[in-house]
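Take a look at the structure set out below.
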Amino acid sequence: QREVEGDVAAIWGYRAAEEECAGITEWVAREVAEQALKPDDFAILVRMYADRMEEELAPCCQAQGLALRNVARNVVNTPIQDTLAEDLTD
């Protein structure tokens, strides 16, 4: 069992997509810097249109020095999330 201190989930409201992307990526970058966390410790859950969200988030992630991985994307007709579940990718 793994114990986690503090908040493990949040719901934020934004007026515009640009504000949302900037707010999310600035928060992740700040948490990485201040809490000694790794970017891999974070996940952004998207119910629909993950590819569209990836396109919107990518510039803000790059501006914060963060890499973005969309595990819903297909590579050669195989979802990345299926590939990541294999022992070889560990």
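Screening ALA33 against (1) of a type in the set (A, V, I, L, M); (2) at negative phi; (3) at pLDDT below 85 leaves a single unmet condition, (3).
Residues are listed down the side, and each one gets a yes or a no for (1) closer than 18 Å to ASP7 by Cβ; (2) modelled with pLDDT of 75 or more; (3) in contact with a strand residue (DSSP E or B) (Cβ under 7 Å, 6 or more places away or on another chain):
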{"site": "ALA29", "(1), (2), (3)": "yes, yes, no"}
{"site": "ILE44", "(1), (2), (3)": "yes, yes, no"}
{"site": "MET48", "(1), (2), (3)": "no, yes, no"}
{"site": "ALA63", "(1), (2), (3)": "no, yes, no"}
{"site": "ASN77", "(1), (2), (3)": "no, no, no"}
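Scanning the stretch 9-29 for residues that are open to solvent by 40 Å² or more (accessible area, probe 1.4 Å) and within 14 Å of the chain's Cα centre (by Cα) yields ALA9, ALA10, GLU20, GLU26, TRP27. In the stretch 30-53, of all residues being in contact with a helix residue (DSSP H, G or I) (Cβ under 9 Å, 6 or more places away or on another chain) and within 24 Å of ARG73 (Cα to Cα), the one that is most open to solvent (accessible area, probe 1.4 Å) corresponds to LYS38.
The values are calculated or read from the model by the stated rules, or taken from the named source; none is laboratory data. Remember, it's a predicted structure, so these values are computed and weren't measured experimentally. Heads up, the Cβs are rebuilt from the backbone with ideal geometry, glycines too, and the neighbour counts pull from every protein chain shown. For accessibility, only protein heavy atoms count, side chains too; no ligands or nucleic acids. Shrake-Rupley method; radii C 1.70, N 1.55, O 1.52, S 1.80 Å.
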